[in-house]
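Down below is the structure, laid out as structure tokens.
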Amino acid sequence: MRRVVVTGMGGITALGNSWPEIRGYMARGETAIRRLPELDRFVGLHTRLAAPVIGFSVDDLYPRKKTRTMGVVAKMAVRATEMALQDAGLLGDTVVRGGRTGIAYGSSFGSPAPVMAFAELMKDGQSRTLNATSYIQMMSHTAAVNIGLFFGITGRMIPTSSACTSGSQGIGYAYEAIRWGKADVMVAGGADEFDVTEAAVFDTLYATSTRNDQPDTTPRPYDRDRDGLVIGEGAVTLILEERERALARGAPIHAEIVGFACNADGNHVTQPQASTMEAALREALADAGIPSREIGFVSGHGTATEWGDIAETEATRAAIGSSAPIHSLKSYFGHSLGACGAMEAWLGIEMMRDQWFAPTANLDNVDPRCAELDYVMGAPRHLDIGYLMSNNFAFGGINTSIIIKRV
């Protein structure tokens with residue numbers, strides 16, 4: 001089996017697009033959560049909170065001809081991929097178009113705005129805005145397809161549209177494609193754009209935070225006083241590469257992906273099951289070929305929803321014990337849905353390299369119903385670790401776990 005390394009990383013987030021910028025906000029205890037006045041017009045929506053990416057645009061970077069098929073989610077994904085390819089030293093390299101480079105990339109949905117064109121057609125019998133690119137912008141695999149079109153990638157295509165595990169599945173399936181010889185380089189990651197419909201999905205489940213006048217106090221993953229999640233947005237791309245190829249060309253190697261697992265609860269759409277979560281974590285450890293005691297840190301899913309937090313922490317303790325510190329980065333970025341798995345893997349790699357791990361923001365009093373774990377709270381931890389486990393869980397009972405080795 002071939003080894004898989006990360007040679008490029010790039011991201012668009014609500015706290016900036018570079019690790020030094022993002023770390024600066026985290027070190028100051030600042031999050032991206034804010035009240036959005038534009039949500040006030042939606043009657044019946046309880047939350048007014050989000051973690052938006054401010055000022056993002058590619059209008060000055062790409063010609064209109066290249067962006068006609070892109071909504072915001074695809075534009076963020078393409079820009080993050082460009083940054084990652086540049087970081088890997090592969091932007092413009094012939095390998096990108098050579099058939100041995102593929103894509104494994106996901107989002108929970110495409111861009112919601114074009115849906116209105118189809119809704120108008122169904123409701124009124126005609127549409128003023130429906131055009132040849134409407135479906136391309138809204139389809140669930142729009143990010144993966146537009147990345148392929150923009151960079152001319154002709155290899156294996158694995159769109160992952162599984163809500164909160166879209167990004168982690170993208171990384172995991174890319175890792176497997178290289179490991180088993182189906183590709184030499186893979187563009188992996190996930191993206192999602194903020195839209196009121198995504199907030200409404202969780203609002204109808206009474207799962208959104210309504211601390212509308214106190215955005216700096218929410219979300220509160222694992223905390224006894226949490227009141228729900230906050231929706232975010234962004235895009236993150238990792239370039240995965242076969243290790244010997246990367247070494248031969250003198251590529252920067254940021255980390256190594258050594259384990260991945262994905263399974264399903266097979267039980268309920270929105271009620272997570274600790275037992276199958278645990279099984280996914282154990283399978284990832286087996287795939288990596290390491291004992292649980294080797295895990296030095298856990299990047300938790302931590303959405304700040306009651307049963308999600310409880311089930312996740314129970315599974316984590318059962319699979320690896322209580323010694324590894326754990327945090328949730330959604331306390332800073334909100335829940336970026338399809339982007340979160342890739343975002344948390346990227347920032348986990350950066351924290352491993354810096355030996356600096358951010359605390360969970362707003363975690364003051366751990367919910368006693370959560371499992372006994374070493375929750376990082378209050379201050380960052382300075383840790384020299386060899387392996388990080390990054391876990392994500394999604395609607396439909398989809399569970400993922402990625403194990404990353406520091407180089």
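The values are calculated or read from the model by the stated rules, or taken from the named source; none is laboratory data. The structure displayed is predicted, hence computed values, not measured ones. When we count neighbours, we look across all protein chains shown, and the Cβ atoms used for this are built from the backbone with ideal geometry, even at glycine. Just the protein is used for accessible areas: all its heavy atoms, side chains included, with ligands, DNA and RNA removed. Shrake-Rupley method; radii C 1.70, N 1.55, O 1.52, S 1.80 Å.
What the table below lists for this structure:
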{"item": "DSSP bridge orientation in the chain - percent antiparallel, rounded to nearest 5", "result": "65"}
{"item": "Among 268-275, 353-360, the order from most to least packed when residues are scored by Cβ within 10 Å on average", "result": "353-360, 268-275"}
{"item": "Net charge over other residues, Cβ less than 14 angstrom from the Cβ of Ala207 (K, R count +1; D, E count -1)", "result": "-1"}
{"item": "Where labels lie 7 Å past Cα in the beta-carbon direction, separation of Thr204 and Thr270 in nm", "result": "0.8"}
{"item": "Local net charge near Leu347, Cβ-Cβ under 13 Å (Lys/Arg +1, Asp/Glu -1)", "result": "-1"}
{"item": "Centroid-to-centroid separation of the stretch 110-137 and the stretch 30-79 [C-alpha atoms, Å]", "result": "19"}
{"item": "C-alpha center-to-center spacing [the stretch 231-270, the stretch 357-407] in angstrom", "result": "17"}
{"item": "Length added when fully stretched, Ser323-Arg293, from 0.36 nm per residue minus Cα-Cα", "result": "10.0 nm"}
{"item": "222 nm mean residue ellipticity, helices alone, for the chain (DSSP H n ≥ 4; -39,500 (n - 2.57); rounded to 500)", "result": "-9500 deg cm²/dmol"}
{"item": "Of all accessible heavy-atom area on the chain, the percent that carbon and sulfur account for (1.4 Å)", "result": "50"}
{"item": "Translational D in µm²/s for the stretch 81-133 (Stokes-Einstein at 4 °C, 1.567 mPa s, Kirkwood Rh from C-alpha pairs)", "result": "89"}
{"item": "Heavy-atom surface of the stretch 170-251, accessible at 1.4 Å and reported per residue (Å²)", "result": "34"}
{"item": "Net charge contributed by nearby residues that have their C-beta within less than 12 Å of Gly167 (K/R +1, D/E -1)", "result": "-2"}
{"item": "The stretch 279-407 - accessible surface per residue (Å², probe 1.4 Å)", "result": "30"}
{"item": "Compactness of the chain - radius of gyration and Dmax, Cα, Å", "result": "19.9, 62"}
{"item": "Whole-number D in µm² s⁻¹ for the stretch 88-247, Kirkwood Cα-pair radius fed into Stokes-Einstein, 25 °C, 0.890 mPa s", "result": "138"}
